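*Asks:* Have a look at this one.
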Amino acid sequence: LESRLPKVGTTIFTVMSALAAECKAVNLGQGFPDFDCDPRLIDSVVSAMRAGLNQYPPMAGAAPLREAIAAKIGRLYRAAYDPATEITVTAGATQAIFTAVLAIVRPGDEVIVLEPVYDSYIPNIELAGGHAVTVPMTPEFRVDWSAVRAAVTPRTRAIMVNSPHNPSGTILRDADMRALEAIAVESDLFVISDEVYEHMVFDGEPHCSASSYPGLAARSFVVSSFGKTFHVTGWKVAHCAAPAALTAEFRKVHQFNVFTVNTPVQHGLADYLQDPAPYLGLAGFYQRKRDLFRQGLAGTRFGLLPCEGTYFQVVDYSRVSALGEADFARWLTTEIGVAAIPVSAFSEHQVDRGLVRFCFAKKDETLKLALSRLARL
Ligand code: PMP
Ligand code: GLN
């Protein structure tokens, strides 16, 4: 069989988690919390199951959940999405992003992605028959919008962006969003805005959602994930907000991909969303963990890069080891007992700068154990 994805192996997240488990290392690699979600959320889901909400929901998602999502986006970003025609519940952000790509990308189309790039984007584009055009971020992991503009050709159909950004932890600010809006409008491009870390923006900065910018909202698929926001990455429930015409095409693909998403979980989430405190408190919750982790690392030989959002911290290990990133991440896991992700795993060209990513969505005791091991280096 000739592979549809010849350059692709098993994802780095799966590989590093398996290695961490095998070596009993502290797993700061793959991004997921090692603590449980709010028991009230579990109660809400169990109540939905006991109430008999166990058959297929509507194809686009359970109505109370779509209404709760639209209300939340409206309040936070002053954007009006009609839950009936503009919000779709998906099986994780991974499915939402792939579905958006399949809905808009035709064979031969170009799609601009910013490197480092989340690992699913380029395979998604290629499976749709498109070509990914990678624009490198600056060494500080900022976006050079003039480079993005220069990458636009008559074949460009869309730009994919991710803020807060995995793996670097940088955010797109208002000026970035305006630059993106100008390029997308003038060249008539679609935008896929991956905002799964929307509630993890630190130091009092706002999250600048594509849905807040009218020129962007009119052409964007805005994706977020309950897995990140409510500490339930294994539930795989997320959503996509897009104007009705785009959502109509999105749903055509969605219905033949997953058709629908877990019913009781959707009703449980709808109920839990009535209280904004859990998601409004998330930035403070993770900022405290970020600070604990950074303070611990400040006493080691690792160099800290800024972390403005997400639950990831990138470090420069050049004073610790001369190994390449992939080898260093393996060595750190097997010999030191702390798993990390090489930043080069997010790069098509495997650019190797001596950087690895740690996930700090962990219990304080887990972070302290990892820090005690890292401090030995
Ligand atoms: N986009 C980014 C940037 C992510 O980091 C992740 C997952 N960690 C996803 C998408 C996928 O989210 P989900 O687990 O909801 O599929
Ligand atoms: N997005 C998560 C990360 O960056 C992992 C999700 C996955 O394993 N696909 O670590």
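The values are calculated or read from the model by the stated rules, or taken from the named source; none is laboratory data. All of these numbers come straight from a predicted model, not from anything done at the bench. Virtual Cβ from ideal backbone geometry, glycine too; neighbours counted across all protein chains shown.
*Asks:* Condition (residue is among the charged types (D, E, K, R) and within 16 Å of ligand 1 (Cβ to nearest atom)) applied to the stretch 23-40: is it met by at least one residue?
*Replies:* yes
*Asks:* Next question. Look at the stretch 288-300 and say how many of its residues are buried (at least 16 other Cβ atoms within 10 Å of the Cβ) and over 24 Å from the mean Cα position of the chain (by Cα).
*Replies:* Counting residues in the stretch 288-300 that are buried (at least 16 other Cβ atoms within 10 Å of the Cβ) and over 24 Å from the mean Cα position of the chain (by Cα) gives 3.
*Asks:* Given the conditions (1) part of a strand (DSSP E or B); (2) not hydroxyl-bearing (Ser, Thr, Tyr); (3) not assigned by TED's automatic domain parsing to the domain that holds Asp43, report the number of the one that Arg294 does not fulfil.
*Replies:* Going through the list (1) part of a strand (DSSP E or B); (2) not hydroxyl-bearing (Ser, Thr, Tyr); (3) not assigned by TED's automatic domain parsing to the domain that holds Asp43, Arg294 breaks only (1).
*Asks:* State all residues of the stretch 318-375 that are charged (D, E, K, R), surrounded by 20 or more Cβ atoms within 10 Å (Cβ to Cβ) and out of contact with any Lys or Arg (no Cβ under 8 Å at 6 or more places or on another chain); if no residue qualifies, say none. Before you say what the answer is, go through the steps one by one.
*Replies:* Of the stretch 318-375, the ones charged (D, E, K, R) are 319, 325, 327, 330, 335, 348, 352-353, 357, 362-365, 368, 373.
Okay, now just the ones that are also surrounded by 20 or more Cβ atoms within 10 Å (Cβ to Cβ), so 325, 357, 362.
Answer for the stretch 318-375, where residues must be charged (D, E, K, R), surrounded by 20 or more Cβ atoms within 10 Å (Cβ to Cβ) and out of contact with any Lys or Arg (no Cβ under 8 Å at 6 or more places or on another chain): just Arg357.
*Asks:* Only one of Leu28, Leu41 is hydrophobic (A, V, I, L, M, F, W, C), within 16 Å of ligand 2 (Cβ to nearest atom), touching a residue at least 12 places away in the same chain (Cβ under 8 Å) and surrounded by 15 or more Cβ atoms within 10 Å (Cβ to Cβ); which?
*Replies:* None of the others qualify; the one that does is Leu28.
*Asks:* Next question. Being surrounded by 14 or more Cβ atoms within 10 Å (Cβ to Cβ) and closer than 27 Å to Cys359 by Cα is the requirement here; does Leu65 meet it?
*Replies:* Values: surrounded by 14 or more Cβ atoms within 10 Å (Cβ to Cβ): yes; closer than 27 Å to Cys359 by Cα: no.
Considered against the rule, which asks whether it is surrounded by 14 or more Cβ atoms within 10 Å (Cβ to Cβ) and closer than 27 Å to Cys359 by Cα, Leu65 comes out as no.
*Asks:* Listed residues Arg106, Arg66; which is among the basic types (Lys, Arg) and not in a helix (DSSP H, G or I)? Please lay out each step first, then the result.
*Replies:* Working: Arg66 fails: not in a helix (DSSP H, G or I).
After applying the criteria, what remains is Arg106.
*Asks:* What number goes with the only condition from (1) within 16 Å of ligand 2 (Cβ to nearest atom); (2) in a loop (DSSP other than H, G, I, E, B); (3) over 19 Å from the mean Cα position of the chain (by Cα) that Asp352 does not pass?
*Replies:* With (1) within 16 Å of ligand 2 (Cβ to nearest atom); (2) in a loop (DSSP other than H, G, I, E, B); (3) over 19 Å from the mean Cα position of the chain (by Cα) applied to Asp352, the lone miss is (1).
*Asks:* Where the second residue is in a loop (DSSP other than H, G, I, E, B) and small (Gly, Ala, Ser) and the first is surrounded by fewer than 22 Cβ atoms within 10 Å (Cβ to Cβ) and modelled with pLDDT under 95 and lies in the stretch 201-218, which pairs have Cβ atoms under 8 Å and are six or more apart or on separate chains?
*Replies:* none
*Asks:* Suppose we filter Thr153, Thr233, Thr134, Thr138 for residues that are within 12 Å of ligand 1 (Cβ to nearest atom) and polar (S, T, N, Q); which single one remains?
*Replies:* Result of the check over Thr153, Thr233, Thr134, Thr138: Thr233.
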